[in-house]
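Student: My questions will all concern the structure given below.
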Amino acid sequence: MSGHSKWATIKHKKGALDAKRGKLFTKLIKEITVAARMGGGDPAGNPRLRKAISDAKGQAMPGETIKRAAQRGTGELEGASYEEITYEGTGPGGTLFLVESMTDNKNRTVAEIRKIFEKNNGTMGAAGTAAWAFERKGILSIGKEATEDQLMEVAVGAGAEDYSDGGEEWQLTTPPDGLNIVLDALEKGGLKAKSSSLAYVPKIKKQLAGRDAQVALNLAEALDDHDDVQNVYADFDISDEELAALEGAG
């Protein structure tokens, strides 16, 4: 999940994520497997695996499931070999999309992702089609029990670039290589992040309304629903008023 697009907000409001628990588990298991394959099975020396396991535990994934996923990554257990591929494309209103996937059959996946774009008024492009419009950032959210002074002292002091008031929580951004440093600093300062991820953040957001907004939401949701897709990032934004109108129409 991108966690930063308005289409994700709509899904939260509709409770659609609850119905996708099995799909979420599949994504988390793939991430654990690939993280263990890339950096070894010891979480202490593999930050990516450590975070993947933390995310899985946060979703109440059984410990045995986590262990088996890591063992498939290290080769202790047999299992599918996943390849990481990022697809790029365009959507309605000139919107740009980045789609991170993990697949054991890239020919099948590329054909299916292309079809999703085409069915939702979009086009899958070559490498470089959309990547230029995004920046790689670390993204964290922290509960409002943390004060602004604490954020300044602990998070910004450890290298966080910016923070903003997200309503029920604070949202922080870090350089890609600074995410784990800020996470460690927060933990030492007695502040626990509610979520953290490396994400692609659009440099400029495109405001959408009406049919373009609805079609962009549909495209983002259809891409995210694909079993091989881990994350979807898009550069569109939709006003709260427009979201309310779309929800009312739905």
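The values are calculated or read from the model by the stated rules, or taken from the named source; none is laboratory data. Since the model is a prediction, treat every value here as computed from it, not as a measurement. Cβ sites come from the backbone with ideal geometry, for glycine too, and all protein chains shown count toward neighbours. For the accessible areas, the whole protein counts, side chains as well, though only heavy atoms, and no ligand, DNA or RNA atoms are used. Shrake-Rupley method; radii C 1.70, N 1.55, O 1.52, S 1.80 Å.
Student: Straight-line reach from residue 115: which aspartates and glutamates fall under 18 Å, measuring Cα to Cα and dropping same-chain residues less than 8 apart?
Tutor: Straight-distance partners of residue 115: 88, 100, 221, 224, 225, 227, 228.
Student: Here's something else I'd like to know. Compute the distribution of all C-alpha to C-alpha distances in region 128-250, in bins of 5 Å from 0, and list the percent of pairs in each, rounded to whole numbers.
Tutor: In whole percents, the pair-distance histogram is 2, 10, 16, 18, 16, 16, 12, 8, 3, 0.
Student: Average projected area of the Cα convex hull of region 90-181, in nm²?
Tutor: The orientation-averaged projected area of the Cα hull of region 90-181 comes to 8.4 nm².
Student: How about region 161-250: which trypsin sites (Lys or Arg not before Pro) there lie in a loop by DSSP and see at most 12 other Cβ atoms within 10 Å?
Tutor: Filter output for region 161-250: 192, 203.
Student: How far is it, in nm, from the label point at residue 24 to the one at residue 115 when both lie 7 Å from their Cα along the line to the Cβ?
Tutor: 2.8
Student: What ratio of Cα Rg to 2.2 N^0.38 Å holds for the chain?
Tutor: The chain yields a ratio of 1.03.
Student: Need the full-extension length gain, residue 187 to residue 209, defined as separation in residues times 0.36 nm minus the C-alpha distance. One decimal, nm.
Tutor: Stretched out fully, the residue 187 to residue 209 stretch lengthens by 3.9 nm.
Student: Can you give the Kirkwood hydrodynamic radius for region 59-130, in Å, rounded to one decimal and based on Cα pairs?
Tutor: After inverting the mean inverse Cα-Cα distance, the result is 14.3 Å.
Student: While we're on this one: Taking a threshold of 23 Å on the Cα-Cα distance, which of the pairs 30/192; 57/194; 137/192; 30/144; 51/206 fall above it?
Tutor: 30/192; 30/144; 51/206
Student: In whole percent, and with a 1.4 Å probe on the protein chains, what portion of the accessible area of the chain is carbon and sulfur?
Tutor: Values: 6250 of 12720 Å².
Here it works out to 49 percent.
Student: So, one more: Per residue, how much accessible area does the chain show when a 1.4 Å probe rolls over the protein heavy atoms, in square angstrom?
Tutor: That works out to 51 Å² for each residue.
Student: Taking the inverse of the average 1/r across all pairs of different Cα atoms in region 207-250, what Kirkwood radius in Å do you get?
Tutor: Result for region 207-250 stands at 11.1 Å.
Student: Mind giving me the nanometre distance, one decimal, between the label points for residue 162 and residue 65, set 7 Å out from Cα along Cα→Cβ?
Tutor: Calculated label separation equals 3.6 nm.
Student: With only alpha-carbon atoms in the gyration tensor, what are the semi-axes of the equivalent ellipsoid for region 18-57, in Å, largest first?
Tutor: Equivalent-ellipsoid dimensions as semi-axes: 21, 10, 5 Å.
Student: So for the chain, taking the charge dipole from beta-carbon charges (+1 Lys/Arg, -1 Asp/Glu), which of 170, 110, 195 sits furthest toward the positive end?
Tutor: Checking the options against the dipole of the chain, the answer is 110.
Student: Which helices, counted as full DSSP H runs in the chain, have an axial Cα extent of no less than 20 Å and a Kyte-Doolittle average of 0.0 or above?
Tutor: Once both thresholds are applied, what remains is 21-39.
Student: Moving on. What does the helix-only formula give at 222 nm for the chain: each DSSP H stretch with n ≥ 4 adding -39500 (n - 2.57), the total divided by the residues, and the result rounded to the nearest 500 deg cm²/dmol?
Tutor: Numbers: 8 runs with 102 residues, N = 250.
Roughly -13000 deg cm²/dmol at 222 nm, from the helical runs in the chain.
Student: Which residues make up the longest stretch of the chain clear of GluC sites (Glu not before Pro) that lie in a DSSP loop with no more than 16 other Cβ atoms within 10 Å, not counting the sites?
Tutor: 169-250
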